[in-house]
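A.B. asks: Before I ask anything, here is the structure I am working with.
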Amino acid sequence: MVDVYRRMLALCNHYPDKNSRILDFGCGAGNLVYAFRDAGFDACGFDIHDYLDLRSPNDREYFQIGESTGIDSSEFTLDWSQYRMPYEDGTFDVVVSSQTMEHVLNLDGALRELARVTKPKGIAIHILPSRYTFRETHTFVPFGSLLSKFYWYNYFWVLLGVRNEHQKGRTVQDVAERYTRYAHTGTCYLPIPKYRELGLKYFEDARFAPDLWFIASGLRGWHLLRPALMAHTLFAEIVWVLERPRQG
């Protein structure tokens, strides 16, 4: 993944070196942070869940965990209208996230903070599932990104046997209730134009660039198939590039 990100950044005319600071927003266990650090970069991670799998207790200095307002870890939230990330203005040259932004309930507030901690000529690359993907990537419910807020819809699919690996042994009603609650408290899928609108509110450039992912991953020819790339953004996965945070 480090090589893929480096190639994507190069395609955007960004060439981080050992002095560049990189933030993994929604770092999870910390694997990507370690991968960047192993490659010689000054990388750190931020998350609101402490799922860190530290190689050493001393490595905790590379990570920051936000103070959640929730008690149940499955419903951790931050009040992004009030929360300030524990970094100085203009700290990072590069911000990345993968499968994180769909969990941010107040994307406006989070983007404001990310713009604050990004350097004036910095860049962010966020990868997240589309709202219109065929199968919601966490619950596996078909079109769950659109319809999982309805209990009856989840109940129907769970009754047919659709459930993720964490729901084995639970009753249909229990799983349907969990999926419905998760759709309200754990995910927030926005229409494609809204991502662009919010991005341009805090960054000078906000665009969808699925070609970056395909080219950087070594899948040749995709950059020539514009309709396929547009379909990928609409129905599968968004590669969202934000550059040059707006000042003030």
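Values in this text are rule-based calculations from the coordinates and carry no lab data. The model shown is predicted, which means the values in this text are computed figures rather than measured ones. Backbone-built Cβ (ideal geometry, glycine too); neighbour counts: all protein chains shown.
A.B. asks: Between ALA39, ALA110, ALA209, where does the largest GNM mean-square fluctuation fall for the chain, given springs only between Cα atoms within less than 10 Å?
C.D. replies: Looking only at ALA39, ALA110, ALA209, the biggest GNM fluctuation is shown by ALA39.
A.B. asks: Collect residues whose amide H, placed 1.01 Å from N in the peptide plane, falls under 5 Å from the amide H of GLY122; neighbours closer than 5 in sequence don't count.
C.D. replies: ARG244
A.B. asks: For a quick check of your reading of the filter: which trypsin sites (Lys or Arg not before Pro) in region 1-91 sit in a DSSP loop and have no more than 13 other Cβ atoms within 10 Å? It would help to have the intermediate numbers written out before the result.
C.D. replies: On the way: sites: ARG6, ARG7, LYS18, ARG21, ARG37, ARG55, ARG60, ARG84; in loops: LYS18, ARG55, ARG84.
Hits after loop and neighbour filter: LYS18, ARG55, ARG84.
A.B. asks: Which residue fluctuates the most in the chain, going by a Gaussian network model with Cα springs under 10 Å, if the choices are SER97, SER20, SER130?
C.D. replies: Highest fluctuation of the listed residues: SER20.
A.B. asks: Could you list SER145, SER56 so that the one with the fewest beta carbons within 10 Å of its beta carbon is first and the one with the most is last?
C.D. replies: Placing the least packed residue first, the sequence is SER56, SER145.
A.B. asks: State which stretch of the chain is the longest one without any exposed GluC sites (Glu not before Pro), exposure meaning a DSSP loop state and at most 10 other Cβ atoms within 10 Å.
C.D. replies: 89-248
A.B. asks: May I ask you to derive the relative contact order of the chain, considering only C-alpha pairs under 8 Å and at least 6 residues apart, and to give it as an integer percent?
C.D. replies: 19
A.B. asks: Which trypsin sites (Lys or Arg not before Pro) in region 176-248 pass both tests, a DSSP loop state and at most 10 other beta-carbon atoms within 10 Å? Show your work: numbers first, answer last.
C.D. replies: Working: sites: ARG178, ARG181, LYS194, ARG196, LYS201, ARG207, ARG220, ARG246; in loops: ARG220, ARG246.
Passing sites in region 176-248 are ARG220.
A.B. asks: Give me the distance in nm between label points sitting 7 Å out from Cα along the Cα-to-Cβ direction at ASN106 and ASP174, one decimal.
C.D. replies: Reported label-point gap for ASN106 and ASP174 is 3.4 nm.
A.B. asks: Can you tell which of GLY186, LEU128, TYR83 lies farthest toward the positive end of the dipole of the chain, using +1 and -1 charges on the Cβ of basic and acidic side chains (Lys, Arg; Asp, Glu)?
C.D. replies: It is LEU128, whose Cα lies furthest towards the positive end.
A.B. asks: Using the Kirkwood radius built from alpha carbon pairs, what does the Stokes-Einstein equation give as D for the chain at 4 °C and 1.567 mPa s, in µm² per second?
C.D. replies: Value of D from the Cα-based Kirkwood radius: 68 µm²/s.
A.B. asks: Send over the semi-axes of region 144-185's equivalent ellipsoid, whole angstrom and largest first, taken as the square roots of 5 times the C-alpha gyration tensor eigenvalues.
C.D. replies: Semi-axes, largest first: 15, 11, 9 Å.
A.B. asks: Only sites in a loop by DSSP and with at most 13 other Cβ atoms within 10 Å count here; which chymotrypsin sites (Phe, Trp or Tyr not before Pro) in region 1-60 make the cut?
C.D. replies: TYR51
A.B. asks: How many angstrom lie between the C-alpha centres of region 93-126 and region 152-203?
C.D. replies: A separation of 22 Å, based on Cα centres.
A.B. asks: Using a Gaussian network model of the chain whose springs link C-alpha atoms within less than 10 Å, name the residue from VAL175, VAL33, VAL96 with the highest mean-square fluctuation.
C.D. replies: Among VAL175, VAL33, VAL96, the largest GNM mean-square fluctuation belongs to VAL175.
A.B. asks: Hey, another quick one. Using a simple charge model, +1 on the beta-carbon of Lys and Arg, -1 on the beta-carbon of Asp and Glu, nothing else, what dipole does the chain show about its Cα centre, in debye to the nearest 20? Write out the running numbers ahead of the final one.
C.D. replies: Values: 28 positive and 30 negative charges, 150 e Å.
With Lys and Arg at +1 and Asp and Glu at -1, about 720 debye.
A.B. asks: What FRET efficiency comes out for PHE134 versus ALA29 if R0 is 22 angstrom and r is the Cβ-Cβ distance? Round to the nearest 0.05. The partial results should precede the final answer.
C.D. replies: On the way: r = 27 Å, r/R0 = 1.24.
Plugging the Cβ-Cβ distance into 1/(1 + (r/R0)^6) gives 0.20.
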